[in-house]
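Colleague: Take a look at the following structure, please.
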Amino acid sequence: MTAAREQARDIVVGVDPVRDWHLAVAWAADEAHRRRLPLRPVLAVPPQHDTPHVDDTERQTALRRGGADRLDQAAAWVGERHPEVTVHTDLLGGFPAHVLLAQSRHARLVVLGSRHLGRAAELFSSGSTVVPVTAQAACPVAVVGDAEHATQQPAYLVVGIDGSAATTDALTFAFDEADR
């Protein structure tokens, strides 16, 4: 792991403003607790529509207000689950994948929930977050599945390898994670 990565001192978790965020936030909070790191729930608010025919201000204000409320809920929930974990929330403007990729440059780990889009939707949808973030993040990314998979015994991790130099880092991270 690089010196810059060692200096990264928080775990970033993407909070979905629409779908249930509890599983991803729970996994990230538990990981922050185990590693004794701060947790940073992040919610991205897409930019306003850039057209002279639509005034998107009211919608944008509602999205920001709703996003702030969702982040407050997540922070309070983490506080109940792990009172000793430091939580700092970030409500940021931009598309979720771009925002999370930028955050990955300063994070120890990025945690995402899975929306379980079909293969074509995940690859070609403008709403896809998992594929671009896992492909381009500057740190490890954990994608948390649904509750059905979270309760399987024994618990397991999946790591993708392709023979590249990055495979060694991915395997090291996966083995360290499995050890925890």
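The values are calculated or read from the model by the stated rules, or taken from the named source; none is laboratory data. Computed from a prediction, not measured in an experiment: that's the story for all the values here. Cβ placement follows ideal geometry from the backbone for every residue including glycine, while neighbour counts extend to all protein chains displayed. These accessible areas exclude ligands, DNA and RNA; they are computed on the full protein's heavy atoms, side chains included. Shrake-Rupley method; radii C 1.70, N 1.55, O 1.52, S 1.80 Å.
Colleague: Out of all the residues in the stretch 64-86, which are open to solvent by 70 Å² or more (accessible area, probe 1.4 Å) and either within 17 Å of LEU43 (Cβ to Cβ) or in a helix (DSSP H, G or I) (or both)?
Modeller: Residues satisfying the conditions are ARG64, ARG65, ASP69, ASP72, GLN73, GLU80, ARG81.
Colleague: Kindly check whether there is at least one residue in the stretch 136-144 that is at pLDDT 95 or above and part of a helix (DSSP H, G or I). Show your work before the answer.
Modeller: We begin by selecting, within the stretch 136-144, every residue at pLDDT 95 or above; these are none.
Scanning the stretch 136-144 turns up no residue that is at pLDDT 95 or above and part of a helix (DSSP H, G or I).
Colleague: Then there is this: Residue under question is LEU92, and the condition is that it be of a type in the set (A, V, I, L, M, F, W, C), open to solvent by less than 70 Å² (accessible area, probe 1.4 Å), at pLDDT 95 or above and out of contact with any His (no Cβ under 9 Å at 6 or more places or on another chain); does it hold?
Modeller: Criteria met by LEU92.
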